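The structure under discussion appears below in the form of structure tokens.
Quick note: the coordinates plus some simple rules give every number you see, no bench work behind them. All of these numbers come straight from a predicted model, not from anything done at the bench. Note that we place each Cβ from the backbone using ideal geometry, even for glycine, and neighbour counts take in every protein chain shown.
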Amino acid sequence: MDEKRILLATSDDTEEILALYRTHLYGAADWTQDYPNLDTIEFDLSRNALYVMKNEKNEIIATISIDEDQEVNALPNWNPDLAPGGEVSRLCVRKDMQNQGIARLMMQHVFQIMKEQGIKSIHILVKTGHKVAMASYSKLGFRQVGECHLFEKDFWCLELVL
């Protein structure tokens, strides 16, 4: 069986992470040349909030971030009884590695970290119409708690009780 490890990303991983993000431009998540970008990666690295999964060849095959965005945190959709909440963002799996449960493993890994940090709920924004992501998040126990318009896009707001 292939050995896969989930690690905290380091600055040495920056170019490989950016390259992975670039393979998912203009897809269902609607990423562009402007987002996610080098600044996004550096912001995540500065907060020790970016995780990667590496294979036995030490190649990055997936990423996920524990995000910190005041606009998202301030949305009225989140259940105040589940505060503090945290946001997960920029989940990305190499295209040839998809549909193997890697995204679920990445999510479960950061959920455990967030739970240890005292987070009571997880928030995710999914671009409206991204039905594959919605189905995947529903299987993990997320429920839709509303919709919002941020960053010039429409999103479904999902929340999971930890």
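Classify the range 38-91 as rounded, prolate or oblate from the Cα gyration tensor: take a ≥ b ≥ c as the square roots of its eigenvalues, call it rounded if a/c is under 1.5, otherwise prolate when a/b beats b/c and oblate if not.
Because a/c hits 1.5 or more and a/b exceeds b/c, the range 38-91 counts as prolate.
Please give the charge dipole size of the chain, origin at the Cα centre, charges +1 on K and R Cβ atoms and -1 on D and E Cβ atoms. Round to the nearest 20 debye.
Computed about the Cα centre, the dipole is about 700 debye.
Okay, which of the range 65-88 sit inside 18 Å, backbone N to the point 7 Å along the Cα-Cβ direction of Tyr35?
Taking a point 7 Å out along Cα→Cβ of Tyr35, the residues of the range 65-88 whose backbone N falls under 18 Å are 65-77, 87-88.
What pairs in Lys95/Lys120; Lys57/Lys95; Lys95/Lys139; Lys54/Lys120; Lys54/Lys153; Lys95/Lys127 have C-alpha atoms more than 23 Å from each other?
Beyond 23 Å: Lys95/Lys120; Lys54/Lys120; Lys54/Lys153.
Taking each full run of DSSP H in the chain as one helix, which ones are at least 15 Å long along their axis (Cα atoms) and have mean Kyte-Doolittle hydropathy of at least -1.0?
102-116
Calculated from the structure, Rg and Dmax of the Cα atoms in Å equals which of [x] 24.0, 96; [y] 16.0, 50; [z] 15.0, 45?
So the calculated entry is the one marked [z].
Among Lys127, Lys57, Lys115, which one moves the most in a GNM of the chain with springs linking Cα atoms closer than 10 Å?
Among Lys127, Lys57, Lys115, the largest mean-square fluctuation in the Gaussian network model of the chain belongs to Lys57.
Can you put Tyr137, Tyr51, Tyr35 in order, fewest other beta carbons within 10 Å first?
Ascending Cβ contact count within 10 Å gives the list Tyr35, Tyr51, Tyr137.
Straight-line reach from Lys4: which aspartates and glutamates have Cα under 17 Å away, leaving out those fewer than 8 places along the same chain?
Asp13, Glu16, Glu56, Glu59, Asp96
Find how much the distance from Asn99 to Ala83 grows on full extension, using 0.36 nm per residue of separation minus their present alpha carbon separation; answer in nm with one decimal.
So the extension gain works out to 2.6 nm.
Anyone know which of Asn55, Asn73, Asn99 comes out most mobile in the 10 Å Cα GNM of the chain?
Asn99
Could you check the simple spin-label distance between Gln70 and Thr10, using points 7 Å along Cα→Cβ, in nm with one decimal?
For the pair Gln70/Thr10, the computed spacing is 3.3 nm.
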